[in-house]
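The values are calculated or read from the model by the stated rules, or taken from the named source; none is laboratory data. Just so we're clear, the structure is a prediction, and the values are computed from it rather than from any experiment. Positions of Cβ are backbone-derived with ideal geometry, glycine not excepted, and every protein chain shown enters the neighbour counts. Please note that ligands, DNA and RNA were not included when accessible areas were found on the heavy atoms of the full protein model with its side chains. Shrake-Rupley method; radii C 1.70, N 1.55, O 1.52, S 1.80 Å.
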Amino acid sequence: MAGKRPTETAAWAALTAHHAAIKDRHLRQLFAEDPKRAETFSAEGAGIFLDYSKNRITAETLRLLLDLARERDVAGRRDAMFRGEKINATEKRAVLHVALRAPRGTRIAVDGQDVVPEVHAVLDRMGAFAREIRSGSWKGHTGKRIRNVINIGIGGSYLGPEMACLALREFTDKAMSFRFVSNVDGANFTAATDGLDPAETLFIISSKTFTTLETMTNAATARRWIVEGLDTEAAVAKHCVAVSTNTEGVTKFGIDPSRMFGFWDWVGGRYSMDSAIGLSSMIAIGPERFAEMLAGFHAMDEHFRTAPPERNLPLLMGLLTVWYNNFFGAETLGIMPYAAPLARFPAYLQQLQMESNGKHVDLDGNHVAWQTGPIIWGEPGTDGQHSFYQLIHQGTKLIPCDLIGFCEKLSPLAEQHDLLMANLFAQAEAFAFGKTADEFKAEGSPDFQTPFRVTEGNRPTNVILADRLEPRTLGSLVALYEHSVFTQGAVWAIDSFDQWGVELGKVLAGRIIPELAAKAAPTHGHDSSTNGLIARYRQRRGW
Ligand code: G6Q
C-alpha cells in the first residue's frame, strides 16, 4: 500500500482533534462570523457550480482535509489512473474510463498500447449503427423500421443507460421507445415487451462478461420472443445486437461479431455508461449528442486532473464525504436531484459509490480500522420533502445531502421551474439554519407546541447547480461523482474498482436452482432455515 494508513497520517490525528473542537459549532454561527462564507466555500468547473458553504467546516477543516489528501497521495493515485497503471490491484487491471471520453489524438497506453484509437473505432461503428436505426435505413426482418429498442443488461450494464435515457428524454427521438430489462424476474421482460411488435423491436444484449445469469436468461427469452413472433431463426440477425468484451460468448449465443460492439477489461461495469454499453443512449439521443455527453465527461476529467486542490470539485466533494463519514460518524449520504428527469440518478450513484467503496479490507488485504463507503440513497425533490425529509430535519441522525438543481427550466412550464428551485434553496436554508424556539414564539406558536416545531438546523448540504440538464452537463455530473468516489477510495486505501462481493452473489444461486426443479430430490444440504424455505416453496408450488 502506498503511504501510511489513513488513520496513521498526521492529518487524521489533526482532523480528529479539530472535529472535537468544532463539532458543536452551528452553521448559523459560522455564517454570522464570515459574511463572505458562500464565496469562500464555492467552486466551479466543467459547467458545474458547487456551493459547499453549508457544510460544518471552517477554513481550518478544509486545510486539514487537503493535508489528508496530500498525505494519502490522492493526486499521485489520480495521475497513475490517468496514465493507465494497473491501479485495480486485486484484478491487476488498469482503470481507464477516462480513456472512453478522451478526444481523438490523445494518447493513453495500457501495456504500451495506445487505447484511444480503439475507443474511437468503436464509437464510429456505434455512430454508424445508431444513424441506421434512427433514419430507418436498418430494416427489421420483415422490412419494417425499428421503433423500439430494449436494452437487456443488469448492474453496470443497465443503470447508466436507463438513468441517461430518462435524464435526456427531452433529446431523445420521440418516434421511438426505449425500454430496459434487467431483472431475472420474467415480469420485467413481460412488461417491457408488452404491446410491442417483434418486427419493430431491437434488443441490445449488454453484458461485459456475457455470462451473467439474469442477462443470459433474458437474452434467451428475447431470442425466443423474436423467433416465435417472426416465425424464423433468421430474424435474430436483424433484431439482436450485443455489447460485450466476450466475442466467443457472443458468437456462441448466435450473434455475428459484426453486430457486436466491444469494450475492454479496463472499463469497470459501473464506469461503462460512456462505452459501447451506452449504445441505447446513443440511439436515443443521436451520435452528436452522445459526443457532447462525452465532452462533458472529459471536461470534468480535465478539471479533476488539473484544477488546484482548493478549487477541485471532485476532490472537495470526496473529502467532505470523508469528513462526515469518518469524523462525524455519519452513515449515509442523500442524493436529492431537484429534477424529475434525474429520478434514477440516486440509484445510479448508489451502485457507483457503494460497489466501489463498500470494502472491508485495504489494499494490503488487511481489515480496515476505519469506516469506508457510506450508504447512498435518495429521491428527487420535491417528492422527498413530503416523505423522508422530516427525519433529516428533526430526526436524531446526521444525514449530509447533495441537492442538485438546474437554472434553466426542465419543461415548457417555466413558472413551475421557479417553484421547484425555490424549494431546493429553501430546503438547503432550512437544513442549515433551522428555526429556533424564539422564532416560533415570536410568530405566536403555542408554548406546548414549540418544542415539537423547533428544527435545530446544522444539517449539512452541498448545493450543485448547472445551467441546463443536457448531455454535456450529465457527462460532467457523472464524472464529478466518479472522481469523488475515486478520492474517497484513495483516502481509505481501498480498491474502488473490484467487486468481489458481487462476484460471489453471481454464483450463490447456482447451487439452489436445481433444487427448485419439480423433480429434484428434497433438499437437506443447507442450514435449517434455507432447507425449510426451499421445502415450503416447493410444497406451495405443488411439487
Ligand atoms: C459493475 C459490476 C456489476 C456488473 C453486472 C453485469 O461494476 O461489476 O454491476 O456490471 O453484474 O455484469 P455483466 O456486464 O458482465 O453482465
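Largest to smallest in accessible area, the residues 270, 145, 125 fall in the order 125, 145, 270 (1.4 Å probe, all protein chains included). Across region 108-114, rounded Karplus estimates of 3J(HN,Hα) from the backbone phi angles (6.51 cos²θ - 1.76 cosθ + 1.60, θ = phi - 60°) give 10, 10, 10, 6, x, 10, 5 Hz, Gly and Pro being marked x. The residues 303, 298, 360, sorted by heavy-atom accessible surface at 1.4 Å with ligands and nucleic acids left out, run 360, 298, 303 from largest to smallest.
Between the C-alpha center of region 181-245 and that of region 279-296 there is a gap of 23 Å. Listed by chain and number, the lysines placed with their C-alpha closer than 29 angstrom to that of residue 92 are 4, 208, 252, 359, 506; residues fewer than eight positions away on the same chain are left out.
Counting protein heavy atoms only, region 1-150 has 52 percent of its accessible area on carbon and sulfur, 1.4 angstrom probe.
Per-atom-type breakdown for region 385-470 gives carbon and sulfur 56% of the accessible area (1.4 Å probe, protein chains only). About its Cα centre, the dipole of the chain is roughly 1040 debye, where the only charges are +1 on Lys and Arg Cβ and -1 on Asp and Glu Cβ. Computed from backbone phi, the HN-Hα couplings of region 234-249 come to 4, 5, 3, 4, 9, 10, 9, 10, 10, 10, 6, 9, 10, 4, 4, x Hz, rounded to whole numbers (Karplus: 6.51 cos²θ - 1.76 cosθ + 1.60, θ = phi - 60°; Gly and Pro given as x). Taking all protein chains as shown and a probe of 1.4 angstrom, residue 441 keeps an accessible surface of around 110 Å². Computed from the C-beta positions of residue 106 and residue 390 and an R0 of 45 Å, the FRET efficiency is 0.40 to the nearest 0.05. Taking only alpha carbon atoms, region 61-142 gives an Rg to Rh ratio of 1.23, where Rh is the Kirkwood radius. On a per residue basis, the convex hull of the C-alpha atoms belonging to region 1-130 measures out at 167 Å³. The alpha carbon centroids of region 312-338 and region 116-156 are separated by 38 Å.
Using a cutoff of 8 angstrom between alpha carbon atoms and counting only pairs six or more residues apart, the relative contact order for region 456-543 works out to 14 percent. Neighbours of residue 460 by Cβ distance under 15 Å: Lys/Arg scored +1, Asp/Glu scored -1, total +2. Could you state the number of Å between the C-alpha centres of region 2-80 and region 446-509? Cα centres, region 446-509 to region 2-80: 17 Å. Residues whose amide H lies under 5 Å from that of residue 381, counting only those 5 or more places away or on a different chain, are 338, 339; hydrogens are built 1.01 Å from N in the peptide plane.
Within the full protein context, the accessible area of residue 407 is estimated at about 80 Å² for a probe radius of 1.4 Å. The translational diffusion coefficient of region 253-405, from Stokes-Einstein at 25 °C and 0.890 mPa s with a Kirkwood hydrodynamic radius over alpha carbon pairs, comes to 134 µm²/s.
Taking every alpha-carbon pair in the chain and binning the separations at 20 Å intervals from zero gives 20, 50, 27, 3 percent. Between residue 361 and 368, the built amide H atoms are under 5 Å apart, and every one of these is 5 or more places off in sequence or on another chain.
Only Cα pairs under 8 Å and 6+ residues apart enter the sum, and on that basis the relative contact order of region 1-103 stands at 26 percent. Once both labels are positioned 7 Å from their Cα atoms along Cα-to-Cβ, the gap between residue 185 and residue 232 label points is 3.8 nm.
For the pair residue 447 and residue 416 in one chain, pulling the backbone fully straight at 0.36 nm per residue adds 7.5 nm over the alpha carbon distance. Translational diffusion of region 426-475, estimated by Stokes-Einstein from the Kirkwood radius over alpha carbon pairs at 20 °C in a medium of 1.002 mPa s, is 162 µm² per second. Dividing the mean sequence gap of close Cα pairs (under 8 Å, 6+ apart) by how many residues the chain holds gives a relative contact order of 19 percent. Summarised as an ellipsoid, region 177-331 has semi-axes of 38, 18, 15 Å, derived from the eigenvalues of the Cα gyration tensor scaled by 5 and square-rooted, with the largest first. Annotation: amide H of residue 402 within the under-5 Å range of 334, 335, 336, 462, sequence separation 5 or more or interchain, hydrogens built in the peptide plane.
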